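Asker: If you scroll down you'll find the structure; I have some questions about it.
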Amino acid sequence: MTTASRRRVSRRLIPVLAVAGATLLALSACGTGAGAGTGNGKFTYLHVTEDPATPAIIKELAGNECTAENKSLPYDDQTIAQAQLDQKVQLLAGQKALPTMFSAGGAPAVTQSLDKAGSLVDVDAALTKLGVADNVLPAAKSTIKALYGGNDIALPYQFNIEGFWYNKKIFTANGLTVPTTWDELVADAKVLNGAGVQPFATGASGQGWPITRLISGYAFREIGPSAMADIRDGTSKLTDPAYVKAAQAVADLGAKGYLGKAPEAVDYNTIISDFLTGKAGIMYMGSWVLPNFADTTANKIGADNIGFFPFPTVPGGKGSIDQLPANIGVPTALSKSAYTDRVGAWTKCIAKNFGSAALKKSGQISGFKVNTPVTTDALTTLVQDKIASTKTSVVWFETYFSPKASTTSWNNIASLVDGKMSADDFMKLVQADQ
Amino acid sequence: MGSFQKAPHVKSVFADRKAAIILLGPALVIYVVVMLVPVLSSLGYTFYTGSPINGFRFTGFDNITRLFHDKDVWSSLGFTLRYALVVSVLQIALGYLLSLFYLFVLKRLSTLVRTLVFFPVVLPTVAVGLLFQRLFAIVPQNGIVNSVVGFFGGDALSWFNDAGTAFWVIVIMDLWRSMGFYGVLLYAGLLDIPDDIIESAKLDGASGIGLIRHIVLPLSLPVLLSSIIFSVNGTLKVFDSVLALTNGGPGNGTTPLTLYMFQTAFSYGDYGYGSTIAFLLTVICLVVTVFIFRSSRRDLTKG
């Protein structure tokens, strides 16, 4: 090839390179601009599959009290499994494509980092501006602030307490009384197990919290209401004897077979159905389960047949039995970049009407004021009373953990209750990932 | 292996630079945009810490030093290598046996069997994962495997709650999924062996193992080599079948590097360290591929 022809080739290369460069720029421009949550003209709600009740209530509002808001900004619903929520939310936040309203992460750490990055609407300020701030119950507001680093960034669609639910018929048939101490609880479980009834409906498939919350429950009774905050603040470690004792108590339940044959393979829905079909006598769960109890097709044992008792005390422990774990379920937040006047109108309508709509539709207790009185069933009333009488509330095991420590706790809890891992090793593993 | 030689007219087309640029340019641009740019930008993340939510901070080689002190990396690497070795060996051995079976036993009748054995390849991994979860289930009722165990008087086993048994369930599932593919791939290679060579070898008295050992195996070496590279790289990057079947559990007993990388970047929001793990995986794939190529080149010159 001659020099001349080579030069010609290189001259022709220039447009090729230019086109390539332009394509690159165009593509990278796509990457940053695409999918921003603001412009789709809808009131999009991304929520977890495990909670179908809340979106159903919002949908109900869209057809009734909030018709005008729904007309100007139509409601649109997206679901995701809770196990995938944290990563989805982080990804969407990274792409600046958070939906208008969304479940903001199972781990409070994720919710807090979204807040720190300025992605979330300050709900308290927004509601005050809209003139509806007094529709949020003070107890719900303080729970939100305690969980999410002092900021009010969540809509309290649920306001839950946790404890044990038991099957009254099974208890009577076996001559059991409601336990108030851990030893009584274990003794009751022994009787049930002997009678061929699985004592506890629980499981750790997909999510380990139904079992890990027993550890924190025990720790709060043993150490007192600051047990998990002490871990966050570094004043205690999970490997301290008091915490290991809690893990050991739960491991013992597993070793005796009280948690079922293979808890590692039982998922959330199976836990609920094990309890509601009378296969198991006791279930540790939050009051978000009330809509399931009210569902007469799924609930084979009948709502009248279900009782509640708080996590029992442990001998010599510093915690008291009336300190119930409280939370607002998976927190629902509003995206700052998608927050417009029309979203504000929706929020105002929700704040005013959600409390009573939730109670009426599915017996769900929220942190919103009930503006239209609703007659509730016995269980709902019981939970409302418990909430009203709770002076000090506590959190759950993973509340202040890093996402990695939460995963480690969830993924290894089955090994703990199956005796494949000692209580000491389990706590060491989780502590190492803090 | 005439097909590996370049045909003369192809050579003359590529001698013309203009034609080469027109033909290769668009492909090259797309390759650069969708492959090289993301790969390099991911490599860049290796030196940063942070997440898209909180922003990134330059940390130099911190992530790389962390890699060497992270016991989770070493346990996932151990799982990845063990899995890659076991599955690659079994995959290719089974595939090769299948292809010999197609060619010498079933002969022209093999179409139906080939289709049936190939069928799992087209099924979505998640569906296969659910299927195997049911097969090996213990609650709410025993799956087929535990029923068989029970029939022979054994105790039903919780297969997924022990890293050892869970490992073998993953292996069995992946073999079931992929042996049909390797069967067909290697069968195509065997078809390339000219009939007259096999005929004449048979006339010379070669048969059975001898025929395969001295004639079929050496002549199918190139396609065998491609299969090994495919298989090793595929198994080193195993992700979806583990995610669908065990999600890395119990604990992190069946977590391969890919899943650990995914969790680190997307679940724990640590993109920089996730990229570092990805980088480690890339290096391992590269080393293994180069190693296989070099060892094979020696063999080919010998033969």
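The values are calculated or read from the model by the stated rules, or taken from the named source; none is laboratory data. Because the structure is predicted, anything quoted here is derived from the model rather than measured. All Cβ positions, glycine included, derive from the backbone under ideal geometry; neighbour counts span all protein chains shown.
Asker: For B:Phe136, which of the numbered conditions (1) over 18 Å from B:Val242 (Cβ atoms); (2) within 14 Å of chain A (Cβ to nearest Cβ) fails to hold?
Answerer: Condition not satisfied by B:Phe136: (1).
Quick grid of which residues meet (1) within 11 Å of another protein chain (Cβ to nearest Cβ); (2) outside any loop (DSSP other than H, G, I, E, B); (3) crowded, with 16+ Cβ neighbours inside 10 Å; (4) over 24 Å from the mean Cα position of the chain (by Cα):
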position	(1), (2), (3), (4)
A:Ile57	no, yes, yes, no
A:Glu65	no, no, yes, yes
A:Lys71	no, yes, no, yes
A:Gln78	no, yes, no, no
A:Ala83	yes, yes, yes, no
A:Asp86	yes, yes, yes, no
A:Gln90	yes, yes, yes, no
A:Ala93	yes, yes, yes, no
A:Pro99	no, no, yes, no
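Asker: Considering only segment B:62-94, how many residues are farther than 21 Å from B:Leu217 by Cα, without any contact (Cβ under 8 Å) to a residue 40 or more places away in the chain and of a type in the set (Gly, Ala, Ser)?
Answerer: The qualifying residues number 1.
Asker: Show the residue pairs meeting these rules: Cβ distance below 8 Å; 6+ apart or different chains; first residue within segment B:145-161 and assigned by TED's automatic domain parsing to the domain that holds B:Val171; second residue loosely packed, with under 10 Cβ neighbours inside 10 Å and not in a helix (DSSP H, G or I).
Answerer: B:Val149/B:Asp155
Asker: Is there a residue in segment A:186-203 that is acidic (Asp, Glu), modelled with pLDDT of 95 or more, touching a Pro at 6+ places or on another chain (Cβ under 9 Å) and in a helix (DSSP H, G or I)? Walk me through it before giving the result.
Answerer: Here is the first cut: in segment A:186-203, the residues acidic (Asp, Glu) are A:188.
This time we only want the ones that are modelled with pLDDT of 95 or more, so: A:188.
Subsequent filtering for residues that are touching a Pro at 6+ places or on another chain (Cβ under 9 Å) retains A:188.
Narrowing further to those that are in a helix (DSSP H, G or I): A:188.
Yes, segment A:186-203 contains at least one residue that is acidic (Asp, Glu), modelled with pLDDT of 95 or more, touching a Pro at 6+ places or on another chain (Cβ under 9 Å) and in a helix (DSSP H, G or I).
Asker: Go through (1) under 23 Å from the mean Cα position of the chain (by Cα); (2) closer than 20 Å to A:Ile211 by Cα; (3) away from chain B (no Cβ under 12 Å) for A:Lys386 and report which single condition fails.
Answerer: All conditions pass for A:Lys386, except number (2).
Asker: Just give me the residues in segment B:229-257 being modelled with pLDDT under 90 and among the aliphatic types (A, V, I, L, M), in sequence order.
Answerer: B:Ile229
Asker: Something else: Identify, from the list B:Leu190, B:Leu211, B:Leu203, the residue that is more than 30 Å from A:Met421 (Cα to Cα), surrounded by 15 or more Cβ atoms within 10 Å (Cβ to Cβ) and free of Cβ contacts under 8 Å to residues at least 24 places away in the same chain. Don't jump to the end; show me each part of the working.
Answerer: Numbers: B:Leu190 fails: free of Cβ contacts under 8 Å to residues at least 24 places away in the same chain; B:Leu203 fails: surrounded by 15 or more Cβ atoms within 10 Å (Cβ to Cβ).
Step by step, each of B:Leu190, B:Leu211, B:Leu203 is checked, and only B:Leu211 is more than 30 Å from A:Met421 (Cα to Cα), surrounded by 15 or more Cβ atoms within 10 Å (Cβ to Cβ) and free of Cβ contacts under 8 Å to residues at least 24 places away in the same chain.
Asker: Follow-up. Considering only residues that are among the aromatic types (Phe, Trp, Tyr) and surrounded by 13 or more Cβ atoms within 10 Å (Cβ to Cβ), look in segment B:118-167 and name the one that is farthest from B:Thr255 (Cα to Cα). Outline the logic, then answer.
Answerer: Quick first cut of segment B:118-167, residues among the aromatic types (Phe, Trp, Tyr) only: B:118-119, B:132, B:136, B:151-152, B:159-160, B:167.
Going one step further and asking which of them are surrounded by 13 or more Cβ atoms within 10 Å (Cβ to Cβ), we end up with B:118, B:132, B:136, B:159-160, B:167.
Values: B:Phe118: 27, B:Phe132: 18, B:Phe136: 19, B:Trp159: 16, B:Phe160: 13, B:Phe167: 10 Å.
Looking at the filtered set, the residue picked out is B:Phe118.
Asker: May I ask you to list the residues in segment B:37-58 that are within 13 Å of chain A (Cβ to nearest Cβ) and assigned to a helix (DSSP H, G or I)?
Answerer: B:Val37, B:Pro38, B:Leu40, B:Ser41, B:Tyr45, listed by residue number.
Asker: Restricting attention to segment A:254-269, which residues are over 14 Å from A:Ala189 (Cα atoms) and more than 7 Å from every other protein chain (Cβ to nearest Cβ)? Let's see the steps before the verdict.
Answerer: So in segment A:254-269, the residues over 14 Å from A:Ala189 (Cα atoms) come out as A:261-269.
A:Pro263, A:Asp267, A:Tyr268, A:Asn269 - these are the residues of segment A:254-269 that are over 14 Å from A:Ala189 (Cα atoms) and more than 7 Å from every other protein chain (Cβ to nearest Cβ).
Asker: List every residue pair whose Cβ atoms sit under 7 Å apart, with the two residues 6 or more apart in sequence or on different chains, where the first one lies in segment A:156-178 and is closer than 15 Å to A:Ile387 by Cα and the second, anywhere, is of a type in the set (Lys, Arg) and surrounded by 16 or more Cβ atoms within 10 Å (Cβ to Cβ).
Answerer: From segment A:156-178, the pairs are A:Ile161/A:Lys386; A:Glu162/A:Arg213.
Asker: Among residues belonging to segment A:392-407 that are assigned to a helix (DSSP H, G or I) and at the interface with chain B (Cβ under 8 Å from one of its Cβ atoms), point out the one that is surrounded by the most Cβ atoms within 10 Å (Cβ to Cβ). So that I can check it myself, show each step before the final result.
Answerer: Keep residues of segment A:392-407 that are assigned to a helix (DSSP H, G or I), which gives A:403-407.
With the extra rule that they be at the interface with chain B (Cβ under 8 Å from one of its Cβ atoms), the set shrinks to A:403-404, A:407.
Working: A:Pro403: 25, A:Lys404: 21, A:Thr407: 23.
Here the residue is A:Pro403.
Asker: When the residues of segment A:175-185 are narrowed to those that are among the β-branched types (Val, Ile, Thr) and assigned to a loop (DSSP other than H, G, I, E, B), which ends up surrounded by the most Cβ atoms within 10 Å (Cβ to Cβ)?
Answerer: Initial filter on segment A:175-185 (among the β-branched types (Val, Ile, Thr)): A:177-178, A:180-181.
In the following step, the residues that additionally are assigned to a loop (DSSP other than H, G, I, E, B) were identified as A:177-178, A:180.
Details: A:Thr177: 10, A:Val178: 16, A:Thr180: 13.
Of everything passing the filter in segment A:175-185, A:Val178 is surrounded by the most Cβ atoms within 10 Å (Cβ to Cβ).
Asker: Go through (1) more than 16 Å from A:Ala265 (Cβ to Cβ); (2) out of contact with any helix residue (DSSP H, G or I) (no Cβ under 8 Å at 6 or more places or on another chain) for B:Asp162 and report which single condition fails.
Answerer: (1)
Asker: When residues of segment A:107-126 are filtered for being of a type in the set (D, E, K, R) and away from chain B (no Cβ under 11 Å), how many remain?
Answerer: Final tally of qualifying residues: 2.
Asker: Quick one: A:Gln434 ticks every box in (1) facing another protein chain (nearest Cβ under 9 Å); (2) in contact with a Phe, Trp or Tyr (Cβ under 9 Å, 6 or more places away or on another chain); (3) not in a helix (DSSP H, G or I) except a single one, so which number is it?
Answerer: Condition (1) is where A:Gln434 drops out.
Yes/no per residue for (1) within 14 Å of chain A (Cβ to nearest Cβ); (2) out of contact with any Gly (no Cβ under 9 Å at 6 or more places or on another chain); (3) in a helix (DSSP H, G or I):
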position: B:Gly25; (1), (2), (3): yes, yes, yes
position: B:Ile30; (1), (2), (3): yes, yes, yes
position: B:Ser76; (1), (2), (3): yes, no, yes
position: B:Thr80; (1), (2), (3): no, yes, yes
position: B:Leu100; (1), (2), (3): no, yes, yes
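Asker: B:Ala265 - would you say it is more than 15 Å from the chain's Cα centre (by Cα) and touching a residue at least 40 places away in the same chain (Cβ under 8 Å)? Let's see the steps before the verdict.
Answerer: Details: more than 15 Å from the chain's Cα centre (by Cα): yes; touching a residue at least 40 places away in the same chain (Cβ under 8 Å): no.
It is false that B:Ala265 is more than 15 Å from the chain's Cα centre (by Cα) and touching a residue at least 40 places away in the same chain (Cβ under 8 Å).
Asker: Only one of A:Thr111, A:Thr143, A:Thr172 is in a helix (DSSP H, G or I), hydroxyl-bearing (Ser, Thr, Tyr), within 30 Å of A:Phe275 (Cβ to Cβ) and not assigned by TED's automatic domain parsing to the domain that holds A:Asp77; which?
Answerer: On the way: A:Thr111 fails: not assigned by TED's automatic domain parsing to the domain that holds A:Asp77; A:Thr143 fails: not assigned by TED's automatic domain parsing to the domain that holds A:Asp77.
Within the list A:Thr111, A:Thr143, A:Thr172, the selection yields A:Thr172.
Asker: A further question on this structure: Please work out which residue is farthest from A:Ser226 (Cα to Cα), limiting yourself to segment A:409-430 and to residues that are out of contact with any Gly (no Cβ under 8 Å at 6 or more places or on another chain) and within 14 Å of another protein chain (Cβ to nearest Cβ).
Answerer: Restricting to residues being out of contact with any Gly (no Cβ under 8 Å at 6 or more places or on another chain) and within 14 Å of another protein chain (Cβ to nearest Cβ), the top hit is A:Lys420.
Asker: In segment B:106-120, how many residues are of a type in the set (D, E, K, R) and more than 18 Å from B:Asp174 (Cα to Cα)?
Answerer: Number satisfying all stated conditions: 2.
Asker: For segment B:44-60, name all the residues that are hydrophobic (A, V, I, L, M, F, W, C), modelled with pLDDT of 90 or more and surrounded by fewer than 17 Cβ atoms within 10 Å (Cβ to Cβ). Don't jump to the end; show me each part of the working.
Answerer: Pass one, segment B:44-60, residues hydrophobic (A, V, I, L, M, F, W, C): B:47, B:53, B:56, B:58.
Then drop every residue that is not modelled with pLDDT of 90 or more, which leaves B:47, B:58.
Hit for segment B:44-60 is B:Phe58, nothing else.
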